[in-house]
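Reading through the structure tokens given below for one structure.
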Amino acid sequence: MNKLVVISIFLLVIFFIVILSMIVIPVKRENPVNGLDFNVLDTPPLGDVGSIDSQYFARDGKALFYRHVKGSHDLIFVLLHGSGTEGRYLLPLATQLNQQLRATVVIPDLRGHGRSMLSHPGDIDYIGQYEHDLADLHHRLEKQYPDATIILAGHSSGGGLAVKYAGHALIPKDDDVMKDKAQYLQAPFDAYVLLAPYLGHDAPTVRPNSGGWVQVSIRRIIGLSLLNQLGIRQFNHLPILFFNRPEAVNDSLQLDSYSYRLNVSFSPTDYQAQLQHNLNPVLLLVGEEDEAFYAEKFPDVMQAHAPQAEVYLLPKVQHLNLPDAPEVIEKIAHWLSMNVLSQQ
């Protein structure tokens, strides 16, 4: 055998041994000093949520859970929860949207979370599945409320997913072929509300480890990223992100970790390009005392990549109590009347 071939095979074997060691060695959990202030979180107890339990079927035939607050057929909000949890804590905001704006509000538990855990808590089936699930939900809502303004809103990682979805959205063409495939298109929402959105690990708005809230296995991410570039995806179920949540706020619907494929699917991969692709109205709200993000850096980021966005920093508001802050519903109501509903 040619000596060069032997050397190449040897180096390839060494490469895979190194990569496999990076991903299979267990991750040692840390006990961070800092983290999010969970004392400000207002999450209704299980069984006391004040909404209608519903479900929709995604394109793979799986039933995904959502909470539903009935209101007007003209204005629909879809609220996306943050990382490691489910949609229950967004119910106070949903109630305010319903009572003050007469909106219908839908709060999905994203696949792998809460009551949409299915058989894989903290995991999904493939990279990009969240955008498909949201497109399927949007299609269902469009059929159910054909004349409605449908707004996608997200808190924290949910806001990041809204950015990602908008950045990949496609406008259906007006022909029979595209109409037949409408349920599989990633159709844009009419507008987007971003509540302290996670814009990705490389965004200047993100504090290290989101302020201590998460522990990230960098070596495992590097190893899995290299394997994915080679088309090897058999290890994408491995956890790479771990949550530092006080035991006092844990229950059966909270998650301890995220798989590689879930985390990649949840986070913006190129926040600049994804913000620039969306030309629909955007409202961004963040608390000045946010522990996960640098609030003061959001205005410059949005001005550079989404100049149509309105950005407000709310005084004396932290990361987890942002959805409950009274100023949030006030800002949303004013923005809606001036920038969304007035344009239709």
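The values are calculated or read from the model by the stated rules, or taken from the named source; none is laboratory data. Being a predicted model, the structure only gives us computed values, none of them experimental. Positions of Cβ are generated from backbone atoms using ideal geometry, with glycine treated the same way; all protein chains shown enter the neighbour counts. Side chains included, ligands, DNA and RNA excluded: accessible areas come from the protein's heavy atoms. Shrake-Rupley method; radii C 1.70, N 1.55, O 1.52, S 1.80 Å.
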Which one is farthest from P121 (Cα to Cα) among residues in the stretch 203-232 that are part of a helix (DSSP H, G or I), open to solvent by less than 60 Å² (accessible area, probe 1.4 Å) and in contact with a strand residue (DSSP E or B) (Cβ under 8 Å, 6 or more places away or on another chain)?
G211
Kindly establish whether L152 is closer than 20 Å to L253 by Cβ, touching a residue at least 60 places away in the same chain (Cβ under 8 Å) and of a type in the set (A, V, I, L, M).
no
I need the full set of residues from the stretch 83-125 which are farther than 13 Å from Y258 by Cα and open to solvent by 30 Å² or more (accessible area, probe 1.4 Å), in order please.
P92, T95, Q96, N98, Q99, Q100, L101, R102, R115, L118, S119
Scanning the stretch 180-201 for residues that are touching an Asp or Glu at 6+ places or on another chain (Cβ under 9 Å) and either open to solvent by 50 Å² or more (accessible area, probe 1.4 Å) or of a type outside the set (A, V, I, L, M, F, W, C) (or both), which turns out nearest to I329 (Cα to Cα)?
G200
A292 vs. criteria in contact with a Ser or Thr (Cβ under 7 Å, 6 or more places away or on another chain), farther than 21 Å from V105 by Cα and either free of Cβ contacts under 8 Å to residues at least 24 places away in the same chain or open to solvent by less than 40 Å² (accessible area, probe 1.4 Å) (or both):
yes
Examine the stretch 73-82 for a residue that is exposed (fewer than 11 other Cβ atoms within 10 Å of the Cβ), modelled with pLDDT of 80 or more and more than 22 Å from the chain's Cα centre (by Cα), and state whether such a residue exists.
no
Which pairs have Cβ atoms under 6 Å, sit 6 or more apart or on different chains, and link a residue in the stretch 11-29 that is free of Cβ contacts under 8 Å to residues at least 24 places away in the same chain to one that is of a type in the set (D, E, K, R) and open to solvent by 70 Å² or more (accessible area, probe 1.4 Å)?
none
Flag for T104 being at pLDDT below 95 and hydroxyl-bearing (S, T, Y)
no
Please note which strands (runs of 3 or more DSSP E) are completely contained in the stretch 233-344 and include at least 1 residues that are at negative phi and under 18 Å from the mean Cα position of the chain (by Cα).
239-243, 257-259, 282-287
Of the residues that sit in the stretch 110-142 and are of a type in the set (S, T, N, Q) and touching a residue at least 24 places away in the same chain (Cβ under 8 Å), which one is nearest to L238 (Cα to Cα)?
Q129
